[in-house]
1. If you go through segment 25-44, how many residues are among the hydroxyl-bearing types (S, T, Y) and on the phi > 0 side of the Ramachandran plot?
2. Consider only pairs whose beta carbons are under 9 Å apart and that are at least six residues apart or on different chains; among these, list those whose first residue lies in segment 1-22 and is farther than 18 Å from I67 by Cβ and part of a helix (DSSP H, G or I) and whose second residue is open to solvent by 50 Å² or more (accessible area, probe 1.4 Å) and of a type in the set (D, E, K, R).
3. In a helix (DSSP H, G or I), surrounded by 16 or more Cβ atoms within 10 Å (Cβ to Cβ) and on the phi < 0 side of the Ramachandran plot - does that describe any residue in segment 52-61?
4. Six or more apart or on different chains, Cβ under 7 Å: which pairs go from a residue in segment 26-44 that's touching a residue at least 24 places away in the same chain (Cβ under 8 Å) and surrounded by 21 or more Cβ atoms within 10 Å (Cβ to Cβ) to one that's among the aromatic types (F, W, Y) and part of a loop (DSSP other than H, G, I, E, B)? Could you list them?
5. Residue by residue through segment 73-89, note down the ones that are within 19 Å of I45 (Cβ to Cβ) and either under 11 Å from the mean Cα position of the chain (by Cα) or not in a helix (DSSP H, G or I) (or both).
6. What pairs come up if the first residue lies in segment 64-86 and is touching a residue at least 24 places away in the same chain (Cβ under 8 Å), the second is not in a helix (DSSP H, G or I), and their beta carbons are under 8 Å apart, counting only those six or more places apart or on different chains?
7. Answer with yes or no whether G27 is at pLDDT 95 or above and assigned to a helix (DSSP H, G or I).
8. Taking the options K85, K76, name whichever one is surrounded by 11 or more Cβ atoms within 10 Å (Cβ to Cβ) and basic (K, R).
Amino acid sequence: MMDLIFDVIGMSGTFLVVGAFFLLQLGKLPASGIGYNLMNLTGAILLLISLCYNFNLASFVIEIFWILASLIGIYKYYKARRELKIAQA
């Protein structure tokens, strides 16, 4: 039963990461948008959770970098919004 739960968590993460990439390629999500970065962040976290059950070092490392890249994107998104509000004031 635990195998199934962690497989569902991992597959959900995979669908989020791959889905974000497809939506980006189809022009449905901008790379600098919050949606793209949140999908990647959530997907990477879910994959990381699944890796805690079925550990793989290479996959673990790439998910850590994917999380960091997503957090940078989210930071840049909110920084740009804040700067835009300041410029409009």
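The values are calculated or read from the model by the stated rules, or taken from the named source; none is laboratory data. Keep in mind the model is a prediction, meaning the values are calculated, not measured. With ideal geometry, Cβ positions are generated from the backbone for all residues, glycine too; neighbour counts draw on all protein chains shown. Heads up: the accessible areas ignore ligands, DNA and RNA and are worked out on the full protein's heavy atoms, side chains in. Shrake-Rupley method; radii C 1.70, N 1.55, O 1.52, S 1.80 Å.
1. Residues flagged as among the hydroxyl-bearing types (S, T, Y) and on the phi > 0 side of the Ramachandran plot within segment 25-44 amount to 0.
2. Qualifying pairs under 9 Å: F22/K28.
3. No, there is no match, as no residue in segment 52-61 is in a helix (DSSP H, G or I), surrounded by 16 or more Cβ atoms within 10 Å (Cβ to Cβ) and on the phi < 0 side of the Ramachandran plot.
4. Hits for this filter: zero, empty list.
5. Within segment 73-89, G73, I74 meet the criteria.
6. G73/A31; G73/S32; K76/S32; Y77/S32; Y77/G33; A80/S32
7. no
8. K76
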